[in-house]
């Protein structure tokens, strides 16, 4: 309590000098290194403007502790050391404003290909790998004429990625019934038809043992985002659940299929173009912050060519 009272007195003194502080172009904050001292520095910086502030970081006293304040540095290390510490004050951090040195560790990891997927993960189809690879943290929008196989292609891609690099996925497949979607995924994984007879032709149906193994694979690989009532859900609802799946289960991919089935209520003064731009920005931010690839499937309305065929 006494420490906080002492910091309050210091702040009152500085506040009485505010006319001088308002004229200063460079303000060096050399408050105590403890929690009250850091709180004092934050409050001063907030009031006089962080863009004009520099912050002193007191050197280490030993392997664990730092010197508490200027007086300790002066007593133990001398005036020259104190002058050097103050001269080397660093810019006061401003939320959202960075320099490249703040990311040097990330640049080095990228240069040395520390994670091994800097150029993306191959799709599993040699004819496609030169054109498209799946990069963590990016967004892929899949579209095409109705009934052209967009969802089937996504399912096959997920199976390939799981087989090659062990990725797990969150699925927001609104149009698919759970059992039907499970059938499609199992057939691609086991490479046998789910049913026999006329459905599978002459190809042998998957056995009960293969089905049981496949069910365990489904449970380990996919996490379903599904609304239990009949209301439509917003993109924020999807991304919040997907983030939970990333943190809890380590998923690396999110499928939103289809875009059209989400709740797209927008502000009265917001155009559809503005809304879509804002929504895609939200999706891309989720992908980048969580190193999770997102596939967004957009099903267009029937075009003039398909109408002519009907």
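Structure values in brief
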| quantity | calculated |
| --- | --- |
| Residue 198 vs. criteria free of Cβ contacts under 8 Å to residues at least 60 places away in the same chain, assigned to a loop (DSSP other than H, G, I, E, B) and in the same structural domain as residue 224 (by TED's automatic domain parsing) | yes |
| Any chance residue 113 is out of contact with any helix residue (DSSP H, G or I) (no Cβ under 7 Å at 6 or more places or on another chain) and part of a loop (DSSP other than H, G, I, E, B) | yes |
| Test result for residue 251, modelled with pLDDT of 80 or more, part of a loop (DSSP other than H, G, I, E, B) and surrounded by 14 or more Cβ atoms within 10 Å (Cβ to Cβ) | yes |
| Positions within the range 135-154 being over 16 Å from residue 175 (Cα atoms) and outside any strand (DSSP E or B), in sequence order | 135, 136, 137, 138, 144, 145 |
| Top-ranked residue of the range 227-244 - restricted to ones that are touching a residue at least 24 places away in the same chain (Cβ under 8 Å) and within 12 Å of the chain's Cα centre (by Cα), ranked as surrounded by the most Cβ atoms within 10 Å (Cβ to Cβ) | 242 |
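The values are calculated or read from the model by the stated rules, or taken from the named source; none is laboratory data. As the structure is a computational prediction, the values presented were derived from the model and not from experiment. Reconstructed Cβ throughout: ideal geometry from the backbone, glycine too, with neighbour counts over all protein chains shown.
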